[in-house]
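Undergrad: Have a look at this one.
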Amino acid sequence: MNPRPDSDCHFDFDEPVDRTGSCSFKWDRYEGRDVIPLWVADMDFRSPQAVVDALHERVSHGVFGYSHASAGLEATVQAHLRDDFSWDVPADWIVWLPGLVSGLNVLCRAIGERGDDVVTFTPIYPPFLTAPGLAERGLVKVPLACRGDRWEMDLELLETALTERTRLLLLCSPHNPVGRVWSREELEGLAEVARRHDLVIGSDDIHAGLVLDEDKRHLPLAVVAPDLAKRTITLFAPSKTFNTPGLGCSFAAISDPSLRRAFCHTMEGIVPHVNVFGYVATEAAYAKGGAWLRALLDYLRGNRDLVEREVSSMPGLRITHIEATYLAWIDARDTGHGHPARFFEAAGVGLSDGVDFDAPGFVRLNFGCRRELLVEALARMRAALTA
Ligand SMILES: Cc1ncc(COP(=O)(O)O)c(C=O)c1O
């Protein structure tokens, strides 16, 4: 097989890729039904050719024994963090994980004790809501405030919500589902609260590569507030950006040795190694996926603009500007339909239910798909609302 550098490739995100029969969660939910699946957060696009080529090459080796991250992969990850986020991360801060949700659950178990509290902003990606309880911690929810065209962290509300036993703050940055790229000022404000209350911060930065607004930049909290870096655990993965979530590879950057030890100790014997293909794909994606990613972001911007334009003109729906991610967070409370996810599903569009994000009456739409499919889904939604 001929490895082709991505820069030589033509990227056609309009090309249909048939995912039926590939054991896709997203597509198989509606197998045999005329429902366009725009729910779980993976995209319908092929990964960069460089990733596919690297996997082919590794497959042809034919021996798939236990595997560790290579020095080349570590250097690639370090270069990625330095180039994209101005963050110098020594290799020994990196802890590899087979999934970021594992990382969230490990975090909740590693910090504090049973009966302590974990605080997070809602609405939020569902595992943020379940991980504290699974770790026998309490969950403190602080609603994000929708002000004008954007969702914001209400830091006063956060401060009043904190309990004596709140040890850990789980942050999603950029935020799923509201699509915000937190600004330097917002992160500095949050850091100030964390400082005052001695909180450890778990920052899930899995969507960091998917900033759509060209005048915005993802800033890891540990970079914005270097004095807090020693009590920040930042979770990254290439999986959302390069569409490799089925390969299970993510990592934590933990600068403080005792925090790192606690994290690794909690993983011991429970969290498996990353599989060999996850490592291979991660290195290829970060090292050679740049041109593909630029083309992807361009395509997603087009989809984002279409979704914002269409949804904002549908009766009863409201949408805020999506700065990052391929996820649109839609307020459907004014449609008069008690269960909007079910309503749209009956109309042939499968969306994520806001209930799971602690926000009944909302739905989340995944626009990481072909434009043609998206146009059809939006037309179905409009037709259902105007029928
Ligand atoms: C904020 C966030 N964290 C974690 C994940 C999942 O990570 P993983 O598949 O590595 O467990 C997702 C997937 O949508 C996500 O949006």
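Undergrad: Across segment 272-296, which residue is nearest to His80 (Cα to Cα) among those that are touching a strand residue (DSSP E or B) at 6+ places or on another chain (Cβ under 9 Å) and surrounded by 19 or more Cβ atoms within 10 Å (Cβ to Cβ)?
TA: For segment 272-296, the residue satisfying everything is Thr282.
Undergrad: Would you please name the residue that is nearest to Cys23 (Cα to Cα), looking only at residues in segment 232-266 that are surrounded by fewer than 21 Cβ atoms within 10 Å (Cβ to Cβ) and among the hydrophobic types (A, V, I, L, M, F, W, C)?
TA: Only one residue fits best here, namely Cys264.
Undergrad: If you scan segment 91-107, which residues turn out to be farther than 16 Å from Thr266 by Cβ and either aromatic (Phe, Trp, Tyr) or within 12 Å of the ligand (Cβ to nearest atom) (or both)?
TA: Selection gives Trp93 alone.
Undergrad: Of all the residues that make up segment 207-227, how many are buried (at least 21 other Cβ atoms within 10 Å of the Cβ) and either modelled with pLDDT under 95 or within 22 Å of Arg261 (Cβ to Cβ) (or both)?
TA: 3
Undergrad: Anything in segment 108-126 that is surrounded by fewer than 18 Cβ atoms within 10 Å (Cβ to Cβ) and either within 16 Å of the ligand (Cβ to nearest atom) or farther than 16 Å from Ala262 by Cβ (or both)? List them, or say none.
TA: Gly115, Thr122, Pro126
Undergrad: Still on this structure, please answer the following. Just checking, how many residues over segment 39-61 are within 16 Å of the ligand (Cβ to nearest atom) and out of contact with any helix residue (DSSP H, G or I) (no Cβ under 6 Å at 6 or more places or on another chain)?
TA: 5
Undergrad: Can you list residue pairs whose Cβ atoms sit under 6 Å apart, with the first residue in segment 74-103 being free of Cβ contacts under 8 Å to residues at least 40 places away in the same chain and within 25 Å of Ala41 (Cα to Cα) and the second being in a helix (DSSP H, G or I) and within 16 Å of the ligand (Cβ to nearest atom)? Count only pairs 6 or more apart in sequence or on different chains.
TA: Every condition considered, the pairs that remain are Val101/Pro127.
Undergrad: Going through segment 134-165 one residue at a time, which ones are out of contact with any helix residue (DSSP H, G or I) (no Cβ under 9 Å at 6 or more places or on another chain) and part of a helix (DSSP H, G or I)?
TA: Glu156, Leu157, Thr160, Ala161
Undergrad: For the subset of segment 162-186 comprising residues that are farther than 19 Å from Leu221 by Cβ and either surrounded by 15 or more Cβ atoms within 10 Å (Cβ to Cβ) or not β-branched (Val, Ile, Thr) (or both), which member is nearest to the chain's Cα centre (by Cα)?
TA: Pro177
Undergrad: Based on this model, can you work out whether Glu308 counts as crowded, with 21+ Cβ neighbours inside 10 Å and either within 21 Å of Asn105 (Cα to Cα) or of a type outside the set (Ser, Thr, Tyr) (or both)?
TA: So Glu308 does not fit the description; no.
Undergrad: Could you check segment 340-387 and list, in sequence order, the residues that are in contact (Cβ under 8 Å) with a residue 40 or more places away in the chain and at positive phi?
TA: Gly348, Asp358
Undergrad: Does Ile124 qualify as being modelled with pLDDT of 95 or more and closer than 30 Å to Tyr66 by Cβ?
TA: When the stated conditions are applied, Ile124 does not pass them.
Undergrad: Which condition from (1) touching a residue at least 40 places away in the same chain (Cβ under 8 Å); (2) farther than 30 Å from Val223 by Cβ is the one that Ala50 breaks?
TA: In the conditions (1) touching a residue at least 40 places away in the same chain (Cβ under 8 Å); (2) farther than 30 Å from Val223 by Cβ, Ala50 misses (2) alone.
The values are calculated or read from the model by the stated rules, or taken from the named source; none is laboratory data. What you are looking at is a predicted structure, and each value in this text was computed from that prediction instead of being measured. For neighbour counting, all protein chains shown are included, and Cβ atoms are generated from backbone atoms with ideal geometry for every residue, glycine included.
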